[in-house]
Structures are given as structure tokens and as C-alpha cells.
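The values are calculated or read from the model by the stated rules, or taken from the named source; none is laboratory data. Keep in mind it's a predicted model, so treat the numbers as computed, not measured. In this analysis, Cβ positions are derived from the backbone assuming ideal geometry, glycine residues included, and neighbour counts consider all displayed protein chains.
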Amino acid sequence: MDKTFGIRLLIFQLLLLLPFLLLCFFVWPSSDDYYMGFMMHENGESSFEVFRGLYRNWGGRYSTLLGALLSPVVVNHLWFYRLLLAVAMVLLFLAVRWFWSAVLAEKEILPGVVAAGFLLLWLQVIPGIADGFYWHSGVVVYTWPLILFFFVAGALLRPAMGIAMKIAVGLAAFLLVGFNEMAALMALLMVVLYVFTAGKVRSQEHRWWLLLAVASGIVILLLSPGNAKRMELFTEGRNIGQAVKISMVSLLKLNGIQLQSMPLWLVGVLLFSHLRKESFNTKLYGMLRLNPLWVVLAVQGILLVMFFIPAWSMGINPPLRVYNFLTPLWLLGFGWLLISLRMRAGERVMESWPVFRGVGLKVMLVVIALSFMVHFVKVPGGDLVIGGNVPRAWYDLVFRAPDYNRAMHERERIIREALAEGRVEVPALQNPPRTIHFLDIQPDPGHWINGIVAGHYGVEEVWVGE
């Protein structure tokens, strides 16, 4: 890739990502964000007591619990809440770039271009972007483990690591396990594959120490008494047959959401002719050249198991943030399939395949950019609607986010002025930005969200008016 053109392309992609970053500075806390502070201040419990209570009564997600302990601080400091979300988004891009710089042979511009494009494809189609990227409680459970996943994967693909990097990777793998059960399985599969396929340059001690870090995290996760208690709350929690059905339907939905993405297919067409063996880390060549059928079966099988975990443990259809969490794995699988098809394509196929260079390449990139801004998708069980979070993010940033921010400041002022009364009604939000707005308080003062928000502000009841 021409360096000047690569830099321009990277800048253009980053501009498309810019609204997602800027929207972080219009976000407000929601629902579960207030829960930790409510437990600590209302019940007089210390951080350790809250951590121990949740481990015993809700689950063993030790990394999530540690991250959630920040909630009492972030809900009291709006600037800190927003800054944490922005930092997570930046670190996500850096982690994805770190991963692709290990996969690709070219080390200068190409990894950044691929990382930005990968994030754009990911953010464009996910169905629940608000609770996956703009909600502290959701970011702690789903975004941070993905940051660590790409960091660990990128480190393990490199030829050698110093002592400091070995310690960092082992700690990251241990923390990755503790965010959620799907992340634990991701960490286990990644490390087991590394242990049994790493070359001679790897030290045996480091391999087994890394596996020990993951195994110890899984033991902590599984031994939590809260796992069984959480499952008892869901009537279908132990119905394996129902969980299999839910996970299969969820996998079909995930495939349907992704395969409707016009930018995905256009990028695939563009990349197919440019993929070469020389473009990738030579140690990955054998895996990249795997039979495409096996690639499809492996990726779909892993995703099915991933969906099964929340379907069985919760007994319900996985929330949209689970689809967000699994989308990058789907995209990695799609890329793996594309590469394996290219590696096995005959010369006749490649001679007839269009190669975009020069003016043709620039035209194709313009078409891809336009497809990000305007395309339509069929909602499962719903209507044909305009799709894509890129145009929605721009629209919300310009037209809705500022008004939303002012309305939330006004709502907070009303609550604080009504502290002496104890009961307060706040106005409903008008056209909140769906990109960043998640769960709001309800008209029913007895709703659990209203209760913890009231506890946070120190009023008896709070509710949304008609």
C-alpha cells in the first residue's frame, strides 16, 4: 500500500469513527450504575463486603465486580464517567491495531487501516450500541474483556516476549476470564491453542504459566456460590434443551444481522484480490489455509457455544450487548474464511476477479463510504429500515445529544431542589439519542431503577411524568 494513500485512508476511517468517541462526552449514568453506590451508602457496606456479597449471591465474575466498584465514584463525577468510556474506546482501537499488527506482515500503515476498518464494520451493525459502549456497567462486562482479548491475542502471535510483557499477558489473561463466562471460554481456547501450537522459540515455562493463570481464573469463576443462586432466579435456567434452542436462534440472528451489511460485502470484494500469502505472518499460514468448510464449522460452533452460555445461565434470550460482544468474533471468522478462500482459489478464478487499483480503488472506497452512511436492513421479525450506526451517531451527535445533555442537567437540578419534599416528578425525555441513551427511570416510583436512583440522590421517590 502506498504510504501517502494509506495515511489518507486511515485519517478518513478515523473521521468516520470520530462521532462514536465524541458521543462519550454526552453520556449519563443509567440503571445498574447506581446499584453499587446504593448498596454501599444505603446499606452501609464497605467495598469488600459488597464484593464478597455479590460473589456469594450473584456470581464469580471477579473482574466485573472489581470494575463495578468504581460505580459510586463515576456516578458522582460525570466527567470521570464520560472519560472512562472514551478511554475504553481509544484502548479498544489500540488493542485491535496491536492484534492486526501481529497478524499482518506490513508494520507501518496497514495495521492501522485494517484496525479502523474492522472497528467501523463492528460498530456499524451492532444492534445495542448504547448498552455495549456507552453504559459503564455494560462496558465493564463486555468492552474491557474484548480489549484484553485483542491485547493477549496480539502478544501471543509475536515471536518473543520480555519478562514485563509475559507478566502483563498473564495478568491480562487472568483478568479476561473474570469478566464473564463467554470471555472465560475465549481465554481458555486462545491459551490452549497457543500452548499446543507455539514454536520452539516459546519457553515451556511461560506456556504452562499462562495456562495456569487462565485455569486459576476459571476455578475462581466456577466456585462462586452465587452462580447457582443466580440460576435459581430464572425458571428456564437449567433447561438445557431450551437453552440450545435459544442459542441456535440467536446464532441465526447474528448471522442475519451481519450478512445484511452492504459495507461488509463491498470490503470483502475489495480485499479478496489483494490478499496474498506475503501479507500475513508466516507462522499463521497453515491455519489461514485451512479448508473453508472447516473454518465455517469452527467459527459457527464456537459462536453457538458462546450463545449457549448466557442462554443456559440466564434462561432468556441473550440481551443485545451479547450480540455486540460476539460480533468481532464473527468478523474475525469472516476474515478467516475470506483468506482461506483466497489461499485456495485457482489462478483462473483470480484472473477473472476484479482488481481495484488507481482510480478504480478510489471509486470503490467512495462507494464503501457511502454504503456506511446509507443502507437498509431487515429487522428480524420487523420492517425494512435504514441501517447502520455510523449515520445514526452523526445525527445524534449534531441534533440530539446536546439537547439530551441539557435535559438531563435540568432533571438533576429538579431532583436536587426537591430534596426537602422527598418525592419528585421529573419531565420525560423528548427524542433522546438512541446511540447513547440506555435505560431510563420509569413512571412507576416502585420500579427498581427508580429506587436506586432515588437512593443515589437522597429522595424518597422519583418518577417520570407523563
> What do you reckon, is ALA102 in contact (Cβ under 8 Å) with a residue 40 or more places away in the chain, buried (at least 18 other Cβ atoms within 10 Å of the Cβ) and in contact with a Lys or Arg (Cβ under 7 Å, 6 or more places away or on another chain)?
Replying inline: yes
> What residue, of VAL398, VAL363, VAL390, is among the aliphatic types (A, V, I, L, M), loosely packed, with under 15 Cβ neighbours inside 10 Å, assigned to a helix (DSSP H, G or I) and at pLDDT 85 or above?
Replying inline: VAL398
> Among the residues of the stretch 298-336 satisfying the criterion of being closer than 14 Å to ILE257 by Cβ and among the aliphatic types (A, V, I, L, M), which is modelled with the lowest pLDDT?
Replying inline: LEU320
>> Here is a list: ALA428, ALA454. Which entry is in a loop (DSSP other than H, G, I, E, B), out of contact with any helix residue (DSSP H, G or I) (no Cβ under 7 Å at 6 or more places or on another chain), at pLDDT 85 or above and of a type in the set (Gly, Ala, Ser)?
In response: ALA428
> Which one is farthest from ASP131 (Cα to Cα) among residues in the stretch 413-456 that are acidic (Asp, Glu) and touching a residue at least 40 places away in the same chain (Cβ under 8 Å)?
Replying inline: GLU425
> Could you count how many residues in the stretch 61-79 are assigned to a helix (DSSP H, G or I) and surrounded by fewer than 17 Cβ atoms within 10 Å (Cβ to Cβ)?
Replying inline: 3
> Counting only residues that are in contact (Cβ under 8 Å) with a residue 24 or more places away in the chain and of a type in the set (Val, Ile, Thr), which one in the stretch 1-27 is farthest from LEU271 (Cα to Cα)?
Replying inline: VAL27
> Among the helices (runs of 4 or more DSSP H) contained in the stretch 144-226, which hold 2 or more residues that are touching a residue at least 40 places away in the same chain (Cβ under 8 Å) and more than 22 Å from LEU331 (Cβ to Cβ)?
Replying inline: 163-177, 204-222
> Taking the stated definitions as given, is ALA401 among the small types (Gly, Ala, Ser), in contact (Cβ under 8 Å) with a residue 12 or more places away in the chain, touching a strand residue (DSSP E or B) at 6+ places or on another chain (Cβ under 7 Å) and not assigned by TED's automatic domain parsing to the domain that holds GLY256?
Replying inline: no
> Taking the stretch 44-60, which residues are without any contact (Cβ under 8 Å) to a residue 60 or more places away in the chain and not in a helix (DSSP H, G or I)?
Replying inline: GLY44, GLU45, SER46
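Every residue, every condition in (1) among the aliphatic types (A, V, I, L, M); (2) touching an Asp or Glu at 6+ places or on another chain (Cβ under 7 Å); (3) outside any helix (DSSP H, G or I); (4) within 16 Å of ALA454 (Cα to Cα), yes or no:
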| site | (1), (2), (3), (4) |
| --- | --- |
| ILE7 | yes, no, no, no |
| PHE12 | no, no, no, no |
| LEU18 | yes, no, no, no |
| LEU23 | yes, yes, no, no |
| ASP33 | no, no, no, yes |
> Which of the residues belonging to the stretch 99-138 are of a type in the set (A, V, I, L, M) and closer than 20 Å to THR435 by Cβ?
Replying inline: ALA116, LEU119, LEU120, LEU121, LEU123, VAL125, ILE126, ILE129, ALA130
> Restricting the stretch 95-112 to residues that are over 30 Å from LYS253 (Cβ atoms) and not small (Gly, Ala, Ser), which is modelled with the highest pLDDT?
Replying inline: TRP98
>> Among (1) touching a Leu at 6+ places or on another chain (Cβ under 8 Å); (2) among the hydrophobic types (A, V, I, L, M, F, W, C); (3) at pLDDT below 85, there is one condition ALA160 misses while meeting the rest; what is its number?
In response: (1)
